[in-house]
Amino acid sequence: MRIYENVLVEIISKQNVPKHVAVIMDGNRRAAKLLGIEATNGHQLGANKVKDLIEWCVLLDIKVITIYAFSLENFNRSDDEVYTLMKLFEKEFENLSENKYIYEKGIKVKAIGKLEKLPEKVRDSIEKVEKLTENNKNYYLNIAISYGGQQEIIDAVKNIAKDVKDGNINIEDINEELVSKNLYTKDLPHPEPDLIIRTSGEERISNFLTWQSCYSELYFCESNWPQFRKVDFLRSIRDYQKRNRRYGK
């Protein structure tokens with residue numbers, strides 16, 4: 001398998017590699033059930049897999065990574081599960097701030113979403129890692145947490161409406177570029193994902209990067225997120241490279 005992985009890396013690296021890969025990390029609870037462990041442990045396995053994903057993307061020089069960690073709808077889960085996830089997020093953001101690999105590779109970490117809905121300790125951990133990595137410019141790791149694609153667009157519309165009301169812009173100035181400049185991803189060098197990967201066999205976007213994904217290539221993998229392997233990732237990139245992206249032309 002390792003030989004096969006090395007061959008895939010060699011083939012992939014010589015061709016068009018996506019600049020921005022986004023991942024819907026689905027299947028933590030299903031993986032836990034299959035493994036006969038608590039759902040909490042499944043979420044921890046999923047968090048551990050993020051470290052692998054970062055390394056795989058850096059290996060291929062993929063500049064932007066966006067992961068879907070927790071949606072606004074996920075707040076509707078049981079109080080116990082939400083509490084457990086928030087404690088996990090607090091710990092994992094702290095781990096990112098102490099991860100030497102993040103600094104060695106120059107990775108900028110940013111959380112996107114309705115962060116005000118998160119517990120204070122989670123927000124503090126996010127603020128810490130964002131501050132420590134704000135000058136890193138080689139790679140960009142975006143973590144969508146307390147996030148909803150439709151809500152992101154609503155927030156952008158509100159910002160634009162305020163500018164119109166304040167007389168800063170005219171209604172005629174509103175276009176695709178202006179909306180994009182008001183999204184959570186506005187500061188990224190490549191805001192629109194070239195490839196969106198979803199694990200666990202589900203085939204839907206689930207309110208993720210609703211505006212930015214209009215021309216993204218979609219790849220659905222049967223593996224649950226904690227069991228997502230390097231070879232699965234490489235196959236998704238290889239599949240992407242075989243596609244003809246016409247952007248409606």
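The values are calculated or read from the model by the stated rules, or taken from the named source; none is laboratory data. What you see is a predicted model; the values in this text were computed from it and never measured. Positions of Cβ are generated from backbone atoms using ideal geometry, with glycine treated the same way; all protein chains shown enter the neighbour counts. SASA here: full protein model, heavy atoms, side chains in, ligands and nucleic acids out. Shrake-Rupley method; radii C 1.70, N 1.55, O 1.52, S 1.80 Å.
Quick rundown of the values:
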item	result
Ordering of 45-51, 221-227, 201-207 by packing [mean C-beta count within 10 Å, highest first]	221-227, 45-51, 201-207
Order by protection proxy (mean Cβ within 10 Å, highest first), peptides 188-199, 162-173	188-199, 162-173
Partner aspartates and glutamates for Lys14 [C-alpha distance under 17 Å; skip if fewer than 8 residues away on the same chain]	Glu5, Asp61, Asp239
Separation in nanometres of the label points that stand 7 Å from Cα toward Cβ, at Asn138 and Lys87	3.5 nm
Violating pairs (Cα-Cα greater than 26 angstrom) within the set Lys63/Lys186; Lys121/Lys165; Lys131/Lys165; Lys63/Lys128	Lys121/Lys165; Lys131/Lys165
Contact order relative to length of the chain, as percent, for alpha carbon pairs under 8 angstrom and 6 or more apart	28 percent
Sequence-distant lysines (8 or more away, or on other chains) whose Cα lies within less than 24 Å of Lys33	Lys49, Lys51, Lys87, Lys91, Lys230
Pairs of Cα atoms farther than 17 Å apart, region 174-249, %	54 percent
Accessible area expressed per residue, the chain, with surrounding protein chains retained (probe 1.4 Å, Å²)	53 Å²
Rel. contact order, % - alpha carbon contacts under 8 angstrom, at least six apart, region 48-154	40 percent
Globularity index of region 1-101, i.e. its alpha-carbon radius of gyration over 2.2 N^0.38 Å	1.26
Carbon/sulfur fraction of accessible area - region 68-215, other protein chains in place, 1.4 Å, %	47 percent
Label of the coordinate-derived value, semi-axes √(5λ) of the Cα gyration tensor in Å, listed as [x] 28, 24, 18; [y] 35, 19, 17; [z] 28, 24, 15	[x]
